[in-house]
Structure formats: C-alpha cells, structure tokens
C-alpha cells in the first residue's frame, strides 16, 4: 500500500516534469499551423505561416545547412587525424592538447565570439563572409568530434591493428585510410551527428559573428521572436524541430546500437 | 614518411585551426581587457564597481538556484525512471530528453509560450483567478528557462549513475532495519554524490554563461552575459566587455575543472 502510494506520487511528479518540457513545444507546433492563435485552433488549420516563413527566411535555413556541412568537413579533416595522433602519441603533450581544444566547452560562447571579433573584426572581407561564422562553429564543435573518435580508439585495439599492418609493409598513409578510419567509423558517425546538430542550433557565438547578410536559422528565430507575430515565430520553430528531430533520433539509434554490442 | 613524422602531420591541421582561431583570439581578448582607461585595474572592476558586482551576485544566485532545483527535480524523476518498468516508460524518457538539442533562443520562446503575454499560464490564471500571470520577461522567466534547459541533461546523468548503483547495499541496509528514508539518505544519495557534482557543475556553468535564453526573453534582465553584450554592442565599451568575459570564462572554467577533479569524469558546459 505504502509502496503503491510512493510509486504513484513519483509517477505524477515525473509526468508533471515531462509536461513542463513537452507542453510548450506542443503549443508552438499547434500555434504554427493555427489561423489565429488568440482565438485558438477553432479558427482553423493553415500552412500559410509556414509558407510565410519560407518566403522570409529561406535564406537563413539554407545558410545554416551550408555552415553545418562546412563545419562537418573541417572537423572531419582536422579532427579525425588529430584524434589518431593524440591516441597513438599519448603522454602529457596529448593531454594538454586535448585540454586546450576542450576549453571552448567551458568558456561561454559570448567570450569566444568577442575574442574572434577583437582579433579578426578588422579583416573586412573575412568579417563579412559566412566563413567568419564557420570559424566559430568549428572551434565550438571540434572537441565533440575529437573526443567521440578517441572514445572508439579507447575500446578498439587500434595499436595492434596498426602495428600489424605496419609489419606487413603498409605505409602510414595507407594504414590511416584502410585500418584506422574504418575502425573509427562508429565514433566518426556519432561525432558527425553531434557536430551537425550543434552547428544548426548554435546561437551564442553566431549572434555576435553574423552580419545582416549572413544570418543563420537561430539568428532568424531570434529575429522572428522579437518582431513577428506569434504564429510566424511558431511556424519557424516548427521548421527547426522538423530539421533537428531526425538528427536526434539517429543519434539515439546509434547510441542504442553501441549499447547492445 | 616515417611513422613519427606522420603522427605530427596528423596533428598539424588541428594545431593550425586552434592556434589561429582560438588561442590567438583568446590572448587578444585578455590583452584587450587591460586596454581600458584603468589598465589592468579594469579586471578588478567586476568586483569593485557596484553595478557590475550586483550583476555578478545576481547571476551567481540565479545559477545556484537553477542548479539546486534542477538536481532535486532530476533526481526524483531520474531515480523513478531507472528503478521502475511500466508501460509508456520509453515514451516518457523520450519526452524528458528531447529538448536536449534546443538552443537557448528556442528555450526562451518555450517560456514565452508558457508564461508570456499570450501564454498558457496567464490564460489559465485569467480563467481561474481573473488575473493574468505574466512573468516570462523577468528573472523568474529566465529561471524557468534555465530549468527547461538543464533538466534533460541532468536527468540523463542521474539515470546513468542510478543504473550503476549496487542494489545489494540498499538491501543490506534494509535488512539491518533501516527505514526507506534512512536508506535513501545514508546509502543512495551519498553514492550518487559524484553524479550530483558533475551534472550540477554543468548546470551551474551553463546558467552562468548562457546568452540565448536571456536574449530572447528581454534585453534588460540583469545577468552577466547580457551585461557583456550591452557593454560591447550598445556602449562600444570593448575593454570592459573583454575584462568581464575573461572573468566569466574563468569562473565557468574553474567550476568545471573543480567538478572534474572531484568526480573524475569529463565535464563540459553546453550552450
């Protein structure tokens, strides 16, 4: 009896917490397709707000994808070889390097953005291009790629595989492409999903680094929250959810698969 | 190419990117903080000048409140979800963790939908009490936003920690006559301490430095990131904003580093 009571109490509490998180998201989705939110869903269901968002903000959505995939490309090219180097070399130097590239997770994005502005703000062409935002996203997401790949190296015995291939006469470059990368694939995939998800949603750095001509999706969101009617802001948020949820599901599936192995 | 030089070669792209776009700019930021009219003393302004000190205290209190409430809520819910199996459990966990990928701006909008001028809470309170409760644009709205942001992260850490608990210890305590409450207090909660420290530090550091939620809710909430932002963009006070952000970065980094030495696990803030 007593256990039953405790169970019910905890269940109700947990349901309330879930409601706190889910109800506003639900409100936002319904507001995005409602003709008039003030009058409620009875006023009718429409896609006019989604269409309006597309007219106004399609450019921001496109630029966000360009930056996310460019960020992914840079973190792959720089992060995967670095993870391999840090793993094989080991020692205090590798630890210091890992510590330094992880710092952007501990320092607020606002501070990193100010640093970039003070250092490179006077290089007009660079400052005005989307590459300026790309640089911020690369710094912010790099640790996720490097650590995700290093986590795989810690479980697979890469060293033995690498030495085996070396004893058979394979060159370092060949071994990296044919032995290291295939073995690191689960970590690369997990890191890639994380990098793209984070880049698509990044605001703290991007707000400081953007210009009127280089607006990304979260910048557009903030803009619509401040100046558009609630239905348009909600429809825009709805588009963001639709973009981000498949990435989250893929991440979860990947984690489950790793868990089962 | 020898193996040794190949390893160095592998490290080169990362070293170039990190040096050019992180280490050099951060060094520039630290120098800029001392370039104001007061020189190095600009760094002390965060403590000596009344307005900045008040904002700092405000921010720390808000972050501390967020941390404590998040830990309590996430421990009750996380323990429950990890210890019981019932239909719908997976859906409930999914609901509690899906806001993980929401950026701060979106969290701010969620709070506006809950407690804003056209929000659900105002609507309900209007029907019940005949008065509209609107608090999204105040520090209470920001507090709610940080809870929204932190709860999913902390629940995941707590659930993982509860899973690793040795249930035999609790059974032993119970067989020795300890009441359920005493088991929780003396066995379960102490065993979860490292998870509390690790996830609490993340919640605290994130609440200290988060900018998106405060930016969406209002530009006049008195917290450190908003102060840095207004000093930089509106007052064009580069030296002060640089000194303040170096101070903020030091605080968040220090908290996470301390938590890491205590709990022994990787700890990082999120944005």
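The values are calculated or read from the model by the stated rules, or taken from the named source; none is laboratory data. A quick note: this is a predicted structure, and the numbers were derived from the prediction, not measured. Here the Cβ is made from the backbone with ideal geometry for all residues, glycine too, and neighbour counts use every protein chain on show.
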Study note, to complete from the structure: In the range A:36-52, anything away from every other protein chain (no Cβ under 14 Å) and touching a residue at least 40 places away in the same chain (Cβ under 8 Å) is listed as A:49, A:50, A:52
Exercise for review: May I ask you to verify whether residue A:95 is within 30 Å of residue A:192 (Cβ to Cβ) and more than 8 Å from chain B (Cβ to nearest Cβ)?
Suggested key: yes
Point to revise | Failed criterion for residue A:106 (all others in (1) modelled with pLDDT of 90 or more; (2) at the interface with chain B (Cβ under 10 Å from one of its Cβ atoms); (3) surrounded by 21 or more Cβ atoms within 10 Å (Cβ to Cβ); (4) more than 30 Å from residue B:123 (Cα to Cα) hold) | key: (1)
Review point. When you go through B:151, B:228 one by one, which is the residue that is in a helix (DSSP H, G or I), in the same structural domain as residue B:104 (by TED's automatic domain parsing) and without any contact (Cβ under 8 Å) to a residue 24 or more places away in the chain?
Key: B:228
Exercise for review: Could you tell me which of the residues A:101, A:29 is in contact with a helix residue (DSSP H, G or I) (Cβ under 8 Å, 6 or more places away or on another chain), at the interface with chain B (Cβ under 9 Å from one of its Cβ atoms) and either within 25 Å of residue A:217 (Cα to Cα) or buried (at least 18 other Cβ atoms within 10 Å of the Cβ) (or both)?
Suggested key: A:101
Review point. Within the range A:63-86, how many residues turn out to be free of Cβ contacts under 8 Å to residues at least 40 places away in the same chain and either facing chain B (nearest Cβ under 10 Å) or surrounded by 15 or more Cβ atoms within 10 Å (Cβ to Cβ) (or both)?
Key: 2
Check your understanding: Can you tell which of A:144, A:140, A:126 is more than 7 Å from chain B (Cβ to nearest Cβ), without any contact (Cβ under 8 Å) to a residue 12 or more places away in the chain, in a helix (DSSP H, G or I) and touching a helix residue (DSSP H, G or I) at 6+ places or on another chain (Cβ under 8 Å)?
Key -> A:126
Revision key, fill the gap. Turns out the helices (runs of 4 or more DSSP H) fully within the range B:19-86 with at least 3 residues that are touching a residue at least 24 places away in the same chain (Cβ under 8 Å) are B:24-33, B:50-83
**Study point:** Yes/no for residue B:203 being out of contact with any strand residue (DSSP E or B) (no Cβ under 7 Å at 6 or more places or on another chain), within 9 Å of another protein chain (Cβ to nearest Cβ) and at pLDDT 90 or above
**Key:** no
**Study point:** Pick from the range A:18-52, criterion under 19 Å from residue B:115 (Cβ atoms) and in a loop (DSSP other than H, G, I, E, B), ranking: modelled with the highest pLDDT
**Key:** A:37
Review point. Do we find that residue A:124 is closer than 24 Å to residue A:215 by Cβ, modelled with pLDDT under 90 and surrounded by fewer than 16 Cβ atoms within 10 Å (Cβ to Cβ) in this structure?
Key: yes
Exercise for review: Please give the number of the condition residue B:217 fails out of (1) out of contact with any helix residue (DSSP H, G or I) (no Cβ under 9 Å at 6 or more places or on another chain); (2) touching a residue at least 40 places away in the same chain (Cβ under 8 Å).
Suggested key: (1)
Review point. Only one of (1) within 13 Å of another protein chain (Cβ to nearest Cβ); (2) part of a helix (DSSP H, G or I); (3) without any contact (Cβ under 8 Å) to a residue 40 or more places away in the chain fails for residue A:55. Which number is that?
Key: (1)
Check your understanding: If residue A:169 satisfies every condition in (1) in a helix (DSSP H, G or I); (2) over 20 Å from the mean Cα position of the chain (by Cα) but one, which is the exception?
Key -> (1)
Review point. Which of the following residues is modelled with pLDDT of 90 or more, under 16 Å from the mean Cα position of the chain (by Cα) and under 27 Å from residue B:201 (Cβ atoms): B:111, B:155?
Key: B:155
Check your understanding: Within the range B:175-195, which residues are outside any helix (DSSP H, G or I) and at pLDDT 90 or above?
Key -> B:176, B:192
Point to revise | Hits in the range A:202-217 - residues which are assigned to a loop (DSSP other than H, G, I, E, B) and under 13 Å from residue A:116 (Cβ atoms) | key: A:210
Check your understanding: Is it fair to say residue A:89 is more than 9 Å from chain B (Cβ to nearest Cβ), over 21 Å from the mean Cα position of the chain (by Cα) and either without any contact (Cβ under 8 Å) to a residue 40 or more places away in the chain or surrounded by fewer than 21 Cβ atoms within 10 Å (Cβ to Cβ) (or both)?
Key -> no
Point to revise | Test for residue A:118: is it out of contact with any strand residue (DSSP E or B) (no Cβ under 6 Å at 6 or more places or on another chain), surrounded by fewer than 24 Cβ atoms within 10 Å (Cβ to Cβ), within 7 Å of chain B (Cβ to nearest Cβ) and assigned to a helix (DSSP H, G or I) | key: yes
Revision key, fill the gap. In the set B:198, B:203, B:207, B:172, the lone residue that is without any contact (Cβ under 8 Å) to a residue 24 or more places away in the chain and in a helix (DSSP H, G or I) is B:172
**Study point:** residue B:173 being surrounded by fewer than 17 Cβ atoms within 10 Å (Cβ to Cβ) and in the same structural domain as residue B:63 (by TED's automatic domain parsing)
**Key:** no
**Study point:** the range B:24-48, subset facing chain A (nearest Cβ under 9 Å) and out of contact with any helix residue (DSSP H, G or I) (no Cβ under 7 Å at 6 or more places or on another chain), residue surrounded by the fewest Cβ atoms within 10 Å (Cβ to Cβ)
**Key:** B:27
**Study point:** the range A:218-244: number of residues that are in a helix (DSSP H, G or I) and within 17 Å of residue A:29 (Cβ to Cβ)
**Key:** 18
Review point. Can you tell which of B:168, B:122 is over 19 Å from the mean Cα position of the chain (by Cα), away from chain A (no Cβ under 14 Å) and over 27 Å from residue B:94 (Cβ atoms)?
Key: B:168
